[in-house]
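Worksheet: one structure, shown below.
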């Protein structure tokens, strides 16, 4: 069972609910170490005095803030402690707002808020139900690890999710940071209506399971192939699209292609499914296979459990899937 990274109380009005804060997300990615090329020697980073070249220990390092023109103001631990936020153990709800009023650009990281004990379960459930029925999000502040946070608290099923947020002055103004802010065309134009039709045709119900991190999967397959001294085969990059000359024609073509749209990569999985049609062993099935890319063939091979698929070329995958189709058909 996960341990709370912060414990305290959730407070609104005169109600105080003991809660714990838990990370709601985790990243799955392959982490790399650095080595000197051609050797098995790890690269290590050290804290070095740029003038003497000597390594400096943690206890001998001070903090400095740049004030311009290469000048710095040195700050001691005592200086920083004097301005730290109070060590409050309370998430103080100050407002309730409409969910649509908060631009997602303000959200940083998601956490679960959970009742700390049985006595907190009832008021916690009451707040979940009230926020759900009112369709509101709570705005709060709290202190964690000597840092003050702005937070949004919203219901998600039977639990509360706390989203840490950027303060207003931490969100960049696009007018100041973009080379040019494009102007939107009239909302009554023909091309705008076609774009709306395309959006409607591609609209589906949100399901996070429809989306996968294919890059991380390919890196893991690459690492596994290297570990087993197998040949590493990569598919060619798709050609970049050319300049759109006729926007209306492009929208029409996109709208035609979007008929029967499936959410996420569900349409791709259905196309790749060997259980319905993919590797059926007949001429139509093999013709269908021949039109697929190596990545799509690999996904099919993964579904049906083709052995050695990571080291296969596109041609080998095609042959293996056709053979699997004939075997199943027989």
Any residue at all in the range 96-114 that's over 20 Å from residue 141 (Cβ atoms) and surrounded by 15 or more Cβ atoms within 10 Å (Cβ to Cβ)? no
Selection from the range 56-95 of residues that are exposed (fewer than 10 other Cβ atoms within 10 Å of the Cβ) and part of a strand (DSSP E or B): 65, 66, 67, 68, 71, 74
Here is a list of conditions, (1) part of a strand (DSSP E or B); (2) within 21 Å of residue 5 (Cα to Cα), and residue 119 meets all of them except one; can you say which number that is? (1)
Tally up the residues in the range 22-50 that are within 30 Å of residue 120 (Cβ to Cβ) and either assigned to a strand (DSSP E or B) or touching a helix residue (DSSP H, G or I) at 6+ places or on another chain (Cβ under 6 Å) (or both), please. 2
Quick check on residue 191: is it over 30 Å from residue 24 (Cβ atoms) and either more than 25 Å from the chain's Cα centre (by Cα) or at pLDDT below 90 (or both)? yes
All but one of (1) outside any strand (DSSP E or B); (2) modelled with pLDDT of 90 or more hold for residue 19, so report the exception by its number. (1)
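The values are calculated or read from the model by the stated rules, or taken from the named source; none is laboratory data. Please read these numbers as outputs of a predicted model, since none were measured by experiment. Counting neighbours? That spans all protein chains shown, and the Cβs are built from the backbone with ideal geometry, glycine included.
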